[in-house]
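*Asks:* Got a structure for you, questions after.
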Amino acid sequence: MLALSHKSLLEGQKNLLAFSAGIDSSALFFLLIEHHIPFDIAIVDYGLRIQSATEVAHAQALAKEYHIQCYTAEAPIFQSHFEQQARTFRYRFFEEIIREYGYDILLTAHQLNDQLEWLLMRLSKGAGLSEMIGLKPVSQREGYTLVRPLLPHSKEALLSYLEKNDYPYFMDESNSSDAHERNRFRKHFSDPFIAQYAEGVARSFGYLHQDKAALEERFETLYTHKALRVIKLHTPSAKAKAADLTLKELGYLLSASQRSEITKAQSLVIGGTWAVEQQGALLYIAPYLTVAMPKAFKEQCRITKVPTKIRSYLYTEKIDIQNLP
């Protein structure tokens, strides 16, 4: 049996597994069953492949067989930027379930190949350590914990586990297409490399995660509410790194030029969508909105020294500014 990382963290919690019926999530499904970890599953049908409806039906049948809940959603047709829009839709679906039914942990089946694939993609565009080591084993999100228990295992090891135990899974033929950048990196670089050096790559990522944790001690998130973050910078040089990691968590990837802008400016709007403002040792990040606000609210913001570009978001979301650090 493969090792299940963070087993003690999952025990006694209400767990939701992001399921696709593919190799990775199927392996995690049966590992959770074997380790007697309670969980339910959620699956999204993107409607792009003939077998997607069959995969959803398979997920529902598994849930019935093992007496667990299966949540399903049908995604709309995305006209552009499919991977980004699909990810946004997927996580909104998961988070709606988490809020409505009170789940504590969201489990995803990212594995060793995914880690190397991400590192190589970020390396090709110019990135620092924190950006390249993008998949954390455990991370706190608003209202839940995201856990990735399979990160030390290669896809080959997961496939071997499924076949040895005669567990069912589906192969997504779209993963072999070169249409998406991620697939090209996977097919031509990360998968062939891990096929030869899986053990060493797994050890290296263990060391890199330790280095990343030490690096991120230079700042801490003091306040989180929906898409608002207030971060304490323990050193001024941590500003760009803190903004980069926070925005990535919120679904926005900074370019090298944007990281440079953040380093130089006290207050700016990134990509027309995100306000990033520094006030003393505090860094504020929120969606950038422009709405009419009452004079009383604006005066209260002025007195409490709330940065100007995040005020519209605070007002729109009815966030009590007295609760801000």
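*Asks:* Need at least 3 residues that are under 25 Å from Leu146 (Cα atoms) per element, so show me which strands (runs of 3 or more DSSP E) inside region 226-325 make the cut, counting only ones lying wholly within it.
*Replies:* 228-233, 282-287
*Asks:* Here are some residues: Ala242, Ala265. Which one is crowded, with 20+ Cβ neighbours inside 10 Å and either among the hydroxyl-bearing types (Ser, Thr, Tyr) or under 28 Å from the mean Cα position of the chain (by Cα) (or both)?
*Replies:* The conditions single out Ala242.
*Asks:* Moving to a separate point now. Of (1) closer than 15 Å to His225 by Cα; (2) without any contact (Cβ under 8 Å) to a residue 40 or more places away in the chain; (3) of a type in the set (A, V, I, L, M), Leu289 satisfies all except one. Which?
*Replies:* (1)
*Asks:* Let me ask you something else. Does Ala157 qualify as being within 29 Å of Val56 (Cβ to Cβ) and in contact with a helix residue (DSSP H, G or I) (Cβ under 8 Å, 6 or more places away or on another chain)?
*Replies:* Against the criterion (within 29 Å of Val56 (Cβ to Cβ) and in contact with a helix residue (DSSP H, G or I) (Cβ under 8 Å, 6 or more places away or on another chain)), Ala157 qualifies.
*Asks:* State all residues of region 21-48 that are of a type in the set (Gly, Ala, Ser) and in a loop (DSSP other than H, G, I, E, B); if no residue qualifies, say none.
*Replies:* Within region 21-48, Ala21, Gly22, Gly47 meet the criteria.
*Asks:* Would you confirm, using the coordinates I've provided, whether Ser52 is of a type in the set (S, T, N, Q) and within 21 Å of the chain's Cα centre (by Cα)?
*Replies:* So Ser52 does not fit the description; no.
*Asks:* What pairs can you find where one residue is in region 92-114 and in the same structural domain as Tyr197 (by TED's automatic domain parsing) and closer than 29 Å to Gly200 by Cα, the other is outside any helix (DSSP H, G or I) and charged (D, E, K, R), and their Cβ atoms are less than 7 Å apart, with a gap of 6+ or different chains?
*Replies:* Thr108/Arg148; His110/Arg148
*Asks:* If a residue counts only when it is surrounded by fewer than 17 Cβ atoms within 10 Å (Cβ to Cβ), which strands (runs of 3 or more DSSP E) contained entirely in region 49-164 have at least 2 such residues?
*Replies:* Of the strands (runs of 3 or more DSSP E) lying wholly inside region 49-164, those with at least 2 residues that are surrounded by fewer than 17 Cβ atoms within 10 Å (Cβ to Cβ) span 70-74, 138-141.
*Asks:* Another question, then. Scan region 206-225 residue by residue and report those that are in a strand (DSSP E or B) and in contact (Cβ under 8 Å) with a residue 60 or more places away in the chain.
*Replies:* Passing the criteria: Phe219, Leu222, Tyr223, Thr224, His225.
*Asks:* Taking only region 6-20 into account, find how many residues are out of contact with any His (no Cβ under 9 Å at 6 or more places or on another chain) and either over 30 Å from Ser80 (Cβ atoms) or part of a loop (DSSP other than H, G, I, E, B) (or both).
*Replies:* The total comes to 9.
*Asks:* Here is a follow-up. Just the residues that are surrounded by fewer than 15 Cβ atoms within 10 Å (Cβ to Cβ) and more than 20 Å from the chain's Cα centre (by Cα), please, taken from region 223-237.
*Replies:* The answer is His234, Thr235, Pro236, Ser237.
*Asks:* Related question: Sort out which residues of region 245-262 are within 18 Å of the chain's Cα centre (by Cα) and among the acidic types (Asp, Glu), and write them in order of number.
*Replies:* Glu249
The values are calculated or read from the model by the stated rules, or taken from the named source; none is laboratory data. Predicted model only: the values in this text are computed from it and were never measured. A quick note on method: Cβ atoms are made from the backbone with ideal geometry, for glycine too, and the neighbour counts reach across all protein chains shown.
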